[in-house]
Amino acid sequence: MNLPLIVPPQVAFSLISPDLALLVTSVVILAVALFLAPEQGIRWLAWLAAAGILVAAGSDVILLLGSQLPATTFSGSLVMDPLAEVLDLVILAAALLAVLLAANRPEASPDYLALTLWSAIGMMVLVSAHDLIVLFLAVEVLSLPLYILCAFRPDRPTSLEAAVKYFLLGAFSSGFLLYGLALLFGVSGGTNLTQVAAALATVGSASLFGHGAIGTALIAEVGIGLVVVGLGFKLAAVPFHQWVPDVYEGAPTSVVTFMSVGTKVAAFGVLARLVDTVFVGSAVDWQGLLSALAVATILAGAVLAIPQQNFKRLLGYSGILNAGYLVAVLVVGSQAATAAGVYFLVTYALMNLGAFAVISAVSGGEMEGVMIRRYRGLFYQQPWTAVAMAVFLLSLASIPPLAGFFGKLFILQALISGHQLVLALTVVAGTAITLIVYGRPLLAMFSPPDPDSPPLPKMPMAVATAIGCLAVAVVAVGLVPGAIVGLVHGVSQIGPLSGISGR
Amino acid sequence: MLVLLPLILLTLGALAPLFLGRQARAIRLVSLVFSALALVAAVVGIAQAPQQVNLPWLPALGLSLSLQLDGLSMFLVALTALATLAVVAFSDETERPAGYYSLILLMAATAVGTFLSTNLLVFYVFWELMIIPGYLLIGTYGQGPDSRRAALKFLVYSLVPSAFLLVAIVTLAVAAAPAIGHLSFNLDQLLAVHLPAATQNWIFLLFAASFMVKVPIWPLHAWMPDAYGESRPQVAAMLSGVLSKTGLYALIRFAFPLLPEAARLFAPALAVIALISILYGAWIALTHRDGRMVIAYSSLSHLGLVFLGVVALNALGLDGAVLQMLNHGIYAVALFLLFGMVEEAAGTRLLAKLGGVAGRAALFAGFLWITVLAALGLPGLNGFAGEFLLLLGIFRTSQVWAWIAIAAVIFSAAYFIRLFQLTAQGATEVELIRPLRLSPIRFAVLVPFVVLMVYIGFAPAQVTSRVQPVAQSIARLEARAALTQPVGNYSWEASRQ
Amino acid sequence: MLTLYLPIVIYFTISLLVCFGIMGASRVIGRPKRQQSVAKLQPYESGIVPEVQLGPKFSIKFYLVAMLFLIFDVEAVSFYPWAVLMRQLRLYGLAEMGLFILVLGIGYAYVWKRGGFQWDR
């Protein structure tokens, strides 16, 4: 038998150290849990998970500050660049908060912690994916644990409903994604994004009645379309958003906290990489596709958020809306625009995590606690919680000078500089509508308290600290936007892939 | 530093109540002290002006914290501090004091910020932030049954145009960037750029819509009756005395100088709108049964006249506009607060049920009488000086406009005297639930108002001479625009790179 | 290139035509709706009217066991390529496989500990 010589891939373990840290932590958690009684020591395991996440974040920062980036590993199928590392940090922050929020809740268990970490690994791999197969594997690794996590309150029918709904639609979207990736592979004959980009740059413009390689161009167009559809599900873009409100309402708040930021970051990261590496150089009309998606997402997300009475549903629709902004900024297709999107995503993560942390603390795990009417008079019962929540909501409504405003400003600047004025007007129309949406809970918090409402649950120290840190961060990033502009500037300067893809 | 001082003091004053819990008296005292200090700082600022600060904020985006105290802004800053002091003195919130006083001072701080900023983006920051305290004050400290709806209306009317204002601001900066060499939001640099007319026009429309809502000018005034009617008189005083000025100020400071050709193009249309505002406001004020609404609609009419003076686009009109903004602020705040005391004492604000206050509280009625006289433009008091100058400026641009506007001035005497008669005089004696007594603090706060009414009435040049240089430079900009070649084209069409 | 797929398209078209053709034909040829009885609309089960709800209940344990079997059985597939290339991959492959089995083993032990294999729980 004559076998080809197989060379083991050169793996730079230092480059994937954040992922390895999470993997080791999750396995250790399961191993330790073997020797603990089921109901005992969850708190210690949660701290262990938090420590693992912090180690991962630390090695991430070391990578970001060091001179190794940008670099590829696993034979060019993973790329580590500032874009990926910055987004990794956001994902890790979301995972950390999810672990902290779950520590005192019924959903806390070794499985919960391990699944959260695995999902985070999937997200981190996804933003680094530079290969179609790795991309798909990462999507599955991030999704499968989330399906299970959504069902972590089996005592609630809504939690199970959320899990089933999310699973069915997620599996459906994976099909779209896989088909799209297969078509792209068919066009290019390779799975590495560099190969795909090279192949797509040469296909003719896709016109059904034109001359030339009609078939190839059409397949490329359909492939890109299907990939965008598949990622649109993960990003919660309209019309692929139907799962969002129900899943947000039903799933445990800590899980929603994690996935509302994590999935969005991961999907944006991979879409930005695809735009930058593959789409921009191709002759396919991807801008029209993304523009339509962005306009629909922004308008539908904003309008549907208005009548919501449930805070988690409201934030679900707000998540849809913000996904629209992210898609919109990608239409420009420049690296400055990607940097604007990353900046927006960082600020969005801060305020969204904060808002969910407050919801989790105020509701105390009760279904009734997530209704907006529960927030009446919060300012007179827990003034600082209310002030923090006001900061998060105002920032989400992009009221200056909070973090969210500058995120929106950079997006607007990118759109206007890219002569995408229609998208710019859509973005501010969405903003104008959401101000009304976030105004309602804001008014409730400062209204006289409802005498019948039960007392608020006591807030765990870790959660209070997290909320405080996030609120301070939202204000500080707003007052000193230059602090993370430098970081994001790095993303735009080095760019997701320059010097690697040869573009 | 002196420029920043009122802003810092009012912001600190807004934060202080959060640390004082439910101690209503302490919170009120702290708010009084901070607004009084801000007033002192602003008055010193008038003496030391012009001054400016330039602190880098976000250089990558051409964003610097540029604040300027000049003839245009210094009186409005002082007015804001004075109005805040009066509003706090006339407030008596004991149920939920922390939120109330904090929001009032926050509103004042953001208004001061809009008056001072000479960077468009910094201006926008304050402009947008100003809406939040207004929304919360109307919505959660409202008086009427529909205060939440009124708050929502205020929010929608304020926020929708100002969201689009951001697009206009960023487009302006992006369009001007090639001429400047980098992205900049600084007024000085943007003023030097002459944009093509097509770009100017739609940016100007977005600017004007957003600013006119805040004044308000017909037909963008629909939020005003609800907001003024459902909120407390103190909040209404803040909205009418201070917030309305930010809109007019922004028109004078930004919209007209930055976009001179568009301003010239739209000036006749805006003048018609202003005239409708003047007449419509006067007519409603003449017939309304609700006393507070009479004051509200009189503001619509008077500020319409100020707007007409701005639209006249000459130095005299601008000078008069700034003077009359100050005057209106003084007498509108006093009117809302004094009539608010009557409302509280009588338990109603329907003019038919009021009357005879003069017999019960002579001193109070005296203050009300002087304020009403100042408001209706009696020569020798401040209202007259402002109106005279405004009409002179309008007359230079168009005699027709001026004659129609003069008609409105006559109306104004009619409705204010009706207001006073039905409140303070007359045969019907109102049943007072509470005694109408001016506390020493309130008396002390009212004295400077009366002094100013008389002082500006006799010596308006103290104000106008300081406004004049700025007004003239703005008027010159309008005239110069036609002479230079436009640069920095910005088109709607998406261009693919 | 697309012409390669032409037979498939034709096949799909014909099958769709047959489907809709049969359904349409039965509508056209068959009796009008008002003459149909309830019995005719029932599923046909050798002439006997179904008495129980279809889809009998069976224990959820089957799913669990099936899923666990699937996971740990499919993992075994990973051994085959390694077995074939074991000599070439040398120590690297051995270490890799050891780690793989370790992780798998911890997962197996965890499932065991949580009672995943207990039939009569």
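Taken together, the values in this text are just the output of simple stated rules run on the coordinates, not laboratory data. Since the structure is predicted, the reported quantities are computational estimates derived from the model, not experimental observations. Here the Cβ positions follow ideal geometry from the backbone for every residue, glycine too, while neighbour counts run over all protein chains shown.
When a/c is below 1.5 the answer is rounded, else prolate if a/b is larger than b/c, else oblate, so apply that to the range C:60-113 with a ≥ b ≥ c taken from the square roots of the Cα gyration tensor eigenvalues. Here the range C:60-113 falls in the oblate category. Expressed in units of 2.2 N^0.38 Å, where N is the residue count, the Cα radius of gyration of the range A:223-270 is 1.18. Taking the Cα centre of chain B as reference, the dipole from Cβ charges on Lys and Arg (+1) and Asp and Glu (-1) amounts to some 420 debye. If you average the alpha carbon positions of the range B:84-149 and of the range A:239-304, how far apart do those two centres end up, in angstrom? That distance is 37 Å. Which residue, A:355, C:66, B:339, has the largest displacement toward the positive end of the dipole of the protein assembly as shown when charges sit on each Cβ (Lys, Arg +1; Asp, Glu -1)? Toward the positive end, the furthest listed residue is B:339. Counting only DSSP H runs of at least 4 residues, each contributing -39500 (n - 2.57), and dividing by the residue count of chain B, the helix-based mean residue ellipticity at 222 nm comes to -23500 deg cm²/dmol. A straight line joining the Cα centroids of the range A:325-379 and the range B:312-333 runs 44 Å. For the range A:382-482, the relative contact order works out to 48 percent when only alpha carbon pairs closer than 8 Å and six or more residues apart are counted.
Scalar couplings 3J(HN,Hα) for the range A:15-31, obtained by applying the Karplus form with A = 6.51, B = -1.76, C = 1.60 to θ = phi - 60°, are 6, 9, 4, x, 5, 4, 4, 5, 4, 4, 4, 5, 5, 4, 4, 5, 5 Hz; x denotes Gly and Pro.
Putting +1 on Lys and Arg Cβ atoms and -1 on Asp and Glu Cβ atoms, find which of B:78, B:449, C:84 reaches farthest to the positive end of the dipole of the protein assembly as shown. Of B:78, B:449, C:84, it is B:449.
Taking the Cα centre of the protein assembly as shown as origin and charging only Cβ (+1 Lys, Arg; -1 Asp, Glu), how large is the dipole, in debye to the nearest 20?
Working: 55 positive and 46 negative charges, 332 e Å.
Dipole about the Cα centre, nearest 20: 1600 debye.
Residue ranges B:80-89, B:15-24, B:116-125 sort as B:80-89, B:116-125, B:15-24 when ordered by packing (mean number of other C-beta atoms within 10 Å per residue, highest first). Put simply, when B:68-78, C:81-91, B:406-416 are sorted by average Cβ atoms within 10 angstrom per residue, most first, you get B:68-78, B:406-416, C:81-91.
Each of B:151, A:115, B:407 was placed along the dipole of the protein assembly as shown (beta-carbon charges, centred on the mean Cα), and the one lying farthest toward the positive end is B:407. Modelled this way, with points 7 Å down the Cα-to-C-beta line, the labels at residue A:160 and residue A:201 are 5.4 nm from one another.
In cubic angstrom, how much convex hull volume per residue do the alpha carbon atoms of the protein assembly as shown span?
Values: hull volume 265.5 nm³, N = 1121.
Dividing the Cα hull volume of the protein assembly as shown by its residues yields 237 Å³.
Legend: distances between Cα atoms for A:165/A:264; A:312/B:214; A:312/B:153; A:165/A:458; A:234/A:408; A:408/A:458; pairs beyond 28 Å are A:312/B:214; A:165/A:458; A:408/A:458. Peptide C:82-93 has a mean of 2 when you count, residue by residue, the C-beta atoms of other protein chains within 10 Å of its C-beta.
Give me the inter-chain shielding for A:418-427: mean count of other chain Cβ atoms within 10 Å, whole number please. Write out the running numbers ahead of the final one.
Values: counts 5, 9, 2, 8, 2, 1, 5, 4, 0, 3.
Average per residue, whole number: 4.
For the peptides B:238-251, B:338-351, C:97-110, residues were scored by their other Cβ atoms within 10 Å and the scores averaged per peptide; the highest-first order is B:238-251, B:338-351, C:97-110.
How big is the charge dipole of the range A:285-503 about its Cα centre, in debye rounded to the nearest 20, if each Lys and Arg gets +1 on its Cβ and each Asp and Glu gets -1 on its Cβ?
So the dipole magnitude of the range A:285-503 works out to roughly 40 debye.
What's the average, rounded to a whole number, of partner chain beta-carbon atoms within 10 Å of each residue's beta-carbon in A:227-234? Walk me through the numbers before you get to the answer.
Numbers: counts 0, 0, 0, 0, 0, 0, 0, 0.
Rounded to a whole number, the mean comes out at 0.
Over chain A, DSSP H runs of length four or greater, each weighted -39,500 (n - 2.57), average out per residue to a 222 nm ellipticity of -24000 deg cm²/dmol. Separation of the range B:27-62 from the range B:250-279 is 29 Å, based on Cα centroids.
For chain A, the fraction of alpha-carbon pairs lying more than 37 Å apart is 24 percent, rounded to a whole number.
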